[in-house]
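Below is one structure; the comments refer to it alone.
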Amino acid sequence: MQALRLVIAEDSVLLREGLVSLLERFGHTVAAAVGDAPALVEAVREHRPDAVIVDVRMPPDNTDDGLRAARRLRAEDPRLPVLVLSQYVSQGYTAELIAAGDRGAGMGYLLKDRIGEVQEFVSALTSVVEGGTVVDPEVVRQLLTRRHDPLQRLSPKEREVLGLIAEGRSNAAIARRLVVTEATVSKRIASIFTKLDLPQAPDDHRRVLAVITYLGS
């Protein structure tokens with residue numbers, strides 16, 4: 001992976017400095033390491049980094065300031081890769097970040113404990129910079145244990161379509177594979193969204209959320 005220019009936003013001084021040291025050890029440059037959300041926005045505008053690593057809960061409000069700052073930055077530059085760190089599993093954060101990642105550049109959501117697994121953390125950053133969407137396996141596991149397997153509601157044909165979506169195939173490719181029309185594929189996908197309780201919403205990408213459900217079931 002080529003050397004990156006990064007901006008880090010983390011209110012814990014020890015963790016922030018640890019991230020700086022870790023990433024520089026892998027040959028990356030940390031253009032700025034800040035401790036609050038407003039400073040993050042200013043640093044990104046000033047340094048134009050290749051990617052941003054940001055904590056969810058940060059000053060000034062210590063709620064979801066980091067996440068809101070990340071949304072603001074992505075609105076200004078949809079191509080900006082963002083790797084979000086959190087201490088806790090949040091279904092709302094996960095769904096939002098997965099959807100945001102599919103609409104633009106790479107997006108990731110990792111628990112802070114994952115930083116200690118250095119190779120996994122650096123690999124996640126690599127995937128995000130390359131345009132991927134990365135969700136911590138523990139996040140997926142916890143979310144899935146909170147509900148029954150929703151795939152039981154799908155018909156065999158709908159499961160087949162969802163499996164092909166998970167492989168990254170377009171509607172046209174799925175239609176060719178199954179020897180059906182694209183209209184039929186679209187109809188089955190609409191049924192999948194309904195049965196998986198994924199209503200249309202401006203902040204969610206239902207195709208990605210359906211794949212996450214499929215992979216975890």
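Considering the stretch 86-137 alone, what residues qualify as being assigned to a helix (DSSP H, G or I), among the acidic types (Asp, Glu) and modelled with pLDDT of 85 or more?
Listed by number, the residues that qualify are Asp113, Glu120.
Just one of Pro81, Pro59 is modelled with pLDDT under 95, open to solvent by less than 70 Å² (accessible area, probe 1.4 Å) and more than 22 Å from the chain's Cα centre (by Cα); which is it?
On inspection, the qualifying residue turns out to be Pro59.
In the stretch 1-37, what count of residues is obtained for those that are farther than 16 Å from Ser123 by Cα, open to solvent by less than 40 Å² (accessible area, probe 1.4 Å), in a loop (DSSP other than H, G, I, E, B) and free of Cβ contacts under 8 Å to residues at least 40 places away in the same chain?
1
Inside the stretch 38-81, can you point out the residues that are assigned to a helix (DSSP H, G or I) and touching a strand residue (DSSP E or B) at 6+ places or on another chain (Cβ under 6 Å)?
Leu40, Ala43, Val44, His47, Gly66, Ala70
Taking only pairs six or more apart or across chains, which ones have beta-carbon atoms under 9 Å, a first residue in the stretch 147-161 that is open to solvent by less than 60 Å² (accessible area, probe 1.4 Å), and a second residue that is at pLDDT below 80 and acidic (Asp, Glu)?
Pro150/Asp197
The values are calculated or read from the model by the stated rules, or taken from the named source; none is laboratory data. Note that the structure is a prediction, hence the values are computed from the model and not measured. Here the Cβ is made from the backbone with ideal geometry for all residues, glycine too, and neighbour counts use every protein chain on show. Protein only, heavy atoms only, side chains kept; ligands, DNA and RNA dropped before computing areas. Shrake-Rupley method; radii C 1.70, N 1.55, O 1.52, S 1.80 Å.
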